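The values are calculated or read from the model by the stated rules, or taken from the named source; none is laboratory data. Note that the structure is a prediction, hence the values are computed from the model and not measured. Here the Cβ is made from the backbone with ideal geometry for all residues, glycine too, and neighbour counts use every protein chain on show. Accessible surface areas use protein heavy atoms only, side chains included; no ligands, DNA or RNA. Shrake-Rupley method; radii C 1.70, N 1.55, O 1.52, S 1.80 Å.
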Amino acid sequence: DGVFVALWGFEWSSPLYGHAVVIGSGSYCSAILGGVGSFTEFVQWVNARDCLAFFAHPGYTDANGTEFDHFHGVPSYKFVGMELWNGRDGFSTYYDNNGYFSGDDGLSYYDEALIRGWRIGAMGNEDNHNANWGVIESAMAVLAPELTREAIWDALMKRRVYSTLDQNLEMSFKIQGQEMGSVLHPGSYQGEIRLHDAGEEVFTKVELICNGRICQSFAIEEVSPLIHFDTETRSGDYIYIRVY
């Protein structure tokens with residue numbers, strides 16, 4: 001505790017329905033060796049266990065047009081995130097893209113999942129097959145009060161995560177005092193964005209994304225900006241931020 005925290009897990013890898021990472025389960029399943037071959041069966045397996053899961057490298061195994069069943073199934077609360085960067089590729093492949101559907105005005109895989117009710121945070125993963133993990137600049141940040149397994153697990157389950165290409169980036173994104181990952185009732189709210197870069201790099205722009213579209217943009221030139229904003233939401237809306 002306070003020095004290094006490890007979590008165990010495995011990757012469910014299907015050539016038809018995509019890959020997903022499971023953390024914390026007391027057992028594992030396979031898409032190849034039988035029993036849990038479809039994405040629906042995999043979601044049922046995850047739902048029946050004390051674990052969490054996240055989507056890995058979306059679009060990477062969609063040759064048959066069936067990856068993750070394109071999020072049409074009943075969303076699982078156990079799925080807490082999606083990789084927006086990977087050891088193979090970055091944001092340009094897994095986030096800055098036209099997702100699975102051509103008729104939704106260019107929504108990314110991430111937005112296509114969110115708009116279908118999958119409550120997922122922005123994550124990343126080296127997918128490292130070698131013993132040099134942690135040396136790249138990209139990171140999945142977890143916002144937790146302390147470095148313990150319990151605190152990290154709780155933060156993951158609450159979607160207190162963000163995906164960054166800069167390990168020094170510190171971020172807090174609140175609406176009505178509720179931190180990232182929270183669920184609020186429809187209404188009019190005040191929001192707060194706090195940013196800091198330990199390397200004193202300057203933030204230049206923050207975008208508020210509402211249902212996959214830029215709804216507010218803030219031009220800045222600061223190392224530690226504090227931004228306040230007002231927003232009005234309806235049932236089913238989702239909001240996240242992009243930081244430059």
Note to self, the chain gives a 222 nm [θ] from helices alone (DSSP H runs n ≥ 4, -39500 (n - 2.57) apiece, / all residues, nearest 500) of -3000 deg cm²/dmol
Rounded to a whole %, the carbon-and-sulfur portion of the accessible area of region 67-157 at a 1.4 Å probe is 52
Checking rank on 49-59, 190-200, with mean other Cβ inside 10 Å and highest first, the result is 49-59, 190-200
Once the mean of 1/r over all distinct C-alpha pairs in region 100-244 is inverted, the Kirkwood radius in Å reads 16.6
Counting only protein heavy atoms and rolling a 1.4 Å probe, one gets per residue an accessible area for region 1-55 in Å² of 51
Mean accessible area per residue over region 116-187 (1.4 angstrom probe, all protein chains present, square angstrom) is 54
Contour minus Cα-Cα span, LEU147 to ALA6, at 0.36 nm per residue, comes to 49.7 nm
The correct pair for region 1-111, radius of gyration to one decimal and Dmax as a whole number, both in Å and from Cα atoms, is 14.5, 48
Other residues with Cβ under 13 Å from the Cβ of PHE39 give, with Lys and Arg +1 and Asp and Glu -1, a net charge of -4
Computed over the chain, the Cα gyration tensor eigenvalues, each multiplied by 5 and square-rooted, give semi-axes in Å (largest first) of 29, 22, 18
Computed over the Cα atoms of region 38-94, the Rg and Dmax in Å are 12.1, 34
Simple spin-label estimate for ARG194/ALA63, 7 Å along Cα→Cβ, in nm, reads 4.8
Counting Lys and Arg as +1 and Asp and Glu as -1 over every other residue whose Cβ sits under 15 Å from the Cβ of ARG194, the net charge comes to -3
Taking the alpha-carbon centre of each part, the distance from region 185-212 to region 36-72 in Å is 30
The simple spin-label model distance between ARG49 and HIS228, using points 7 Å out along Cα→Cβ, in nm, is 4.7
Among region 189-225, those whose backbone N falls under 16 Å of a label point 7 Å along Cα→Cβ from LEU165 are 201-207
Note on region 4-160: contact order normalised by length, alpha-carbon pairs under 8 Å, 6 or more apart, percent, works out to 20
Per-residue accessible area, 1.4 Å probe, largest first, puts ASP105, ASP69, ASP96, ASP166 in the order ASP105, ASP96, ASP69, ASP166
